[in-house]
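Just below is one structure, and these are the notes that go with it.
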Amino acid sequence: MNNNKQIAKNTLFMYFRMFVTMTVSLYTSRVVLRTLGVEDYGLYNVIGGIIAMFGFINGAMTNTTSRFITVSLAKDNLAKQNQIFNLASLIHSVIALLIFIAGETIGLWYLYNKLVVPDGRMFAAQWLYQLTIVTAVLNILYVPYNAVIIAHEKMNAFAYISIIDVFLKLIIAILLAFSPFDKLIFYGSFLALVSCFDLSIYFLYCRRKFSETKLCFYWNYDKFKKMISFAGWGAIGNFSYVFYTQGINLMLNFFCGPAVNAARGISVQVDGVIRQFANNVQTAINPQIIKSYASSDLQRMYSLIYSSSRICFYLLYFISLPLMLETQFVLELWLGEGAVPAHTVNFVRIILAISLFDAFINPMFTANLASGKLKLYQLCVCSVSYIFMVITYIAIKYTKMPESVFICLFISTLIGVSIRIYVLYRQIGLSPRSYIKEVLTKVLIVVFVSVIVPIFIYNSLDYGWGRFLLTGLVSALSVFMGVYFLGINKIERNFINNKCQLLFKRLK
C-alpha cells in the first residue's frame with residue numbers, strides 16, 4: 001500500500017512537470033520555427049539526429065546505471081550504491097570521450113560529404129554541429145545523477161529541474177529574434193549553456209541529498225565487466241533503435257530535402273509532448289517493477305506490467321484520438337495558418353499511432369531490464385529493426401513518398417510488441433494468455449467502442465472551431481466511458497470510485 005501511494009505521489013509530480021514543460025515547449029517550438037524558418041529548423045533537427053546516432057552507448061548505460069542503482073537501493077547497501085555510482089560516472093566519462101571522437105571523425109565526414117545543406121548555410125551548419133557535440137557530452141555526464149534521483153523516487157526534484165530547463169529554453173527562443181549574429185549558431189550556443197547549467201544543478205542537488213554520490217575514483221574489474229556486459233546488450237538494442245529512427249531522418253534529408261526534416265521535427269515534437277502523458281506514469285512505476293523483481297515478488301511485477309501497459313495506452317489514446325482527427329486544425333492553431341510544412345499532418349497521425357503501441361513496450365522493457373537477461377530480448381528486437389531499415393530504404397527510394405518511412409516503422413512496432421511478449425514469457429514467466437486477456441483485449445475493446453461516434457461527428461461537420469470543440473469533447477467522453485466500463489478491472493474501478501468519493505467529501 002505504501003509503495004502504491006508512493007507511485008501515486010510521484011505520478012502527480014510528473015504530471016505537474018508535464019503540464020508546465022508541455023505548455024512551454026510547444027510555445028518554444030512555435031517561436032523557434034518562425035524565427036529560424038523551415039529550412040534552418042529542418043537543418044537543426046537533422047544535425048541533432050547525427051549526434052543522436054552516436055548516443056546509443058549512452059542510452060544503454062543510462063538504463064544500466066538506473067537498474068543497478070535501483071537494485072542496490074532495494075537491498076539497502078550504501079557502500080555498494082556509492083561504488084556503482086562512481087563506476088557509472090567513470091564509464092559515462094569514457095562514453096562522452098568516445099562520442100566526442102566519433103562525432104569529430106565519422107559524423108564530421110557525413111556533414112561535409114552526405115548531408116543536404118541549403119546554399120550558403122554550411123558555415124552555420126559547421127558551428128551548430130560542434131555546439132551539438134558539446135551539448136551531447138554535457139548531457140551524458142549528468143546521467144548518473146539523474147539515475148540516482150529516479151532510483152530514490154524523488155520525482156519532485158526531477159520535475160523542478162525539468163521546469164527550470166524548459167523555461168531557460170523559452171528565454172533563449174524569445175531572445176533568438178534579437179540575435180546579433182547567425183540565429184542558428186546563437187540557438188546552438190545557448191542550448192549548450194543550458195546543458196552546462198543542468199549538469200551543475202544535478203551535481204549540487206545529488207551531493208547535498210544523497211551520500212552515495214560522493215565522487216571518488218573507484219575501480220573493480222568484476223563489477224565493471226558485469227555492468228559493461230549488461231550495457232553491451234542494451235547498446236546493441238539501442239543502436240538498432242537509434243539507427244532506425246535517426247536513419248529515417250537522414251533518409252528523408254537525402255531523398256526529400258531539409259524541408260521534410262522540418263515536418264518530421266514538428267511531428268516528433270508533438271509526439272514527444274503526447275508521450276509524456278504515459279511516460280510520467282511509467283517513470284513513477286519503473287523503480288517499483290525493478291524492486292519487485294529484486295525482491296522476488298513476481299506476481300506484483302506482473303500486476304504492475306499489466307496495469308501500467310493499460311494506463312499508459314489509455315492516457316495516450318485519450319489525447320491522441322481527438323488530435324489524430326483534428327491534426328490540421330491543431331497544427332494551424334499552434335504554428336499559425338499557412339506555417340505548417342507539407343506532410344506534417346500525415347507524419348503526426350502515423351507517429352501518434354506508433355506511440356500508442358509503444359506504450360506496451362516500455363513496461364516490458366523495464367521488466368527485461370530488471371531480470372538482467374538482455375541477450376535474447378535485444379537480439380529479437382534488433383533483428384526486426386535491421387530488417388525494416390532495409391525495407392524502409394527501399395520504400396522511400398522507389399516511392400519517393402515521405403509517409404512510407406513511418407508506415408514501415410508502424411508495422412515494425414506491431415511486430416516488435418508480439419516478439420517482446422514471447423521473450424518475456426521465456427525469461428520471467430509472463431503469461432502471453434494473461435497479457436492478451438488483461439491488456440490487449442481490454443485495449444482493443446475500448447478503441448473499437450470509443451472511436452465510432454467521434455469519427456461520425458468529424459465527417460458530419462465542417463472544418464472549424466465548432467467541429468474541433470465537439471470532436472474533442474465527444475472523444476474525451478467516449479474514451480472515458482469505454483475505459484471505465486470496459487477497459488479496467490474491478491479492483492481498479494473500485495479504487496477510482498473511492499478516490500472520487502474522497503474528493504467529493506473534501507470539496508463539501
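The values are calculated or read from the model by the stated rules, or taken from the named source; none is laboratory data. Computed from a prediction, not measured in an experiment: that's the story for all the values here. Counting neighbours? That spans all protein chains shown, and the Cβs are built from the backbone with ideal geometry, glycine included. Keep in mind that these areas ignore ligands, DNA and RNA; they rest on the heavy atoms of the full protein, side chains included. Shrake-Rupley method; radii C 1.70, N 1.55, O 1.52, S 1.80 Å.
Couple of notes before you dig in:
- Among the residues here, ALA353 qualifies as more than 16 Å from ILE421 (Cα to Cα) and among the small types (Gly, Ala, Ser).
- Hey, ILE171 modelled with pLDDT of 85 or more and among the β-branched types (Val, Ile, Thr) or not: yes
- Residue among ILE57, ILE51, ILE7 that alone is modelled with pLDDT under 75, of a type in the set (A, V, I, L, M, F, W, C) and either open to solvent by 30 Å² or more (accessible area, probe 1.4 Å) or touching a Cys at 6+ places or on another chain (Cβ under 7 Å) (or both): ILE57
- Which numbered condition PRO341 misses (of (1) surrounded by 21 or more Cβ atoms within 10 Å (Cβ to Cβ); (2) in a helix (DSSP H, G or I)): (2)
- TYR435 vs. criteria within 30 Å of ILE387 (Cβ to Cβ), surrounded by 13 or more Cβ atoms within 10 Å (Cβ to Cβ), in contact with a Leu (Cβ under 9 Å, 6 or more places away or on another chain) and not hydrophobic (A, V, I, L, M, F, W, C): yes
- Taking region 123-154 as the range and being modelled with pLDDT of 85 or more, under 19 Å from the mean Cα position of the chain (by Cα) and aromatic (Phe, Trp, Tyr) as the test, only TYR145 passes.
- Of note, LYS183 satisfies the criterion of being at pLDDT 85 or above and either open to solvent by 10 Å² or more (accessible area, probe 1.4 Å) or of a type in the set (Gly, Ala, Ser) (or both).
- Qualifying residue in region 205-213 (condition: within 24 Å of TYR145 (Cβ to Cβ), open to solvent by less than 10 Å² (accessible area, probe 1.4 Å) and in contact with a Cys (Cβ under 8 Å, 6 or more places away or on another chain)): yes
- Any hit, region 466-481, residues being of a type in the set (D, E, K, R), farther than 30 Å from MET364 by Cα and open to solvent by less than 40 Å² (accessible area, probe 1.4 Å): yes
- Listed by first and then second residue, the pairs with beta-carbon distance under 8 Å, at least 6 apart or on different chains, first residue in region 398-411 and in contact (Cβ under 8 Å) with a residue 40 or more places away in the chain, second small (Gly, Ala, Ser) and surrounded by 15 or more Cβ atoms within 10 Å (Cβ to Cβ), are PRO402/ALA263; VAL405/ALA395; ILE407/ALA395; PHE410/ALA353.
- Note on region 158-171: residues that are hydrophobic (A, V, I, L, M, F, W, C), in contact (Cβ under 8 Å) with a residue 40 or more places away in the chain and closer than 18 Å to THR135 by Cα amount to 4.
- For region 384-405, the set of residues classified as assigned to a helix (DSSP H, G or I) and open to solvent by less than 60 Å² (accessible area, probe 1.4 Å) consists of VAL384, SER385, PHE388, MET389, THR392, ALA395, ILE396, GLU403, SER404, VAL405, listed by residue number.
- Which numbered condition LEU430 misses (of (1) closer than 18 Å to PHE365 by Cα; (2) open to solvent by less than 50 Å² (accessible area, probe 1.4 Å); (3) without any contact (Cβ under 8 Å) to a residue 60 or more places away in the chain): (3)
- Yes/no for ILE266 being of a type in the set (A, V, I, L, M, F, W, C), in a helix (DSSP H, G or I) and surrounded by fewer than 16 Cβ atoms within 10 Å (Cβ to Cβ): no
- Among residues of region 78-135, those that are in contact (Cβ under 8 Å) with a residue 60 or more places away in the chain, assigned to a helix (DSSP H, G or I) and not aliphatic (A, V, I, L, M), counted: 11
- Those residues of region 214-232 which are farther than 12 Å from ALA88 by Cα, open to solvent by 70 Å² or more (accessible area, probe 1.4 Å) and either touching a residue at least 60 places away in the same chain (Cβ under 8 Å) or among the acidic types (Asp, Glu) (or both), in sequence order: LYS214, ASP222
Here is a yes/no grid of residues against (1) open to solvent by 20 Å² or more (accessible area, probe 1.4 Å); (2) over 19 Å from the mean Cα position of the chain (by Cα); (3) under 17 Å from PHE406 (Cβ atoms); (4) touching a residue at least 40 places away in the same chain (Cβ under 8 Å):
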residue	(1), (2), (3), (4)
GLN299	yes, yes, no, no
TYR302	yes, yes, no, yes
PRO322	yes, yes, no, yes
ARG349	yes, no, yes, no
PRO363	no, no, no, yes
THR366	no, no, no, yes
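- Answer residue from region 373-383, given it is in a helix (DSSP H, G or I) and in contact with a Gly (Cβ under 7 Å, 6 or more places away or on another chain) and is surrounded by the most Cβ atoms within 10 Å (Cβ to Cβ) among those: VAL381
- Any pair with Cβ under 9 angstrom, 6 or more apart, that starts in region 324-345 at a residue that is on the phi < 0 side of the Ramachandran plot and of a type in the set (S, T, N, Q) and ends at one that is outside any helix (DSSP H, G or I) and surrounded by fewer than 19 Cβ atoms within 10 Å (Cβ to Cβ): GLN328/TYR463
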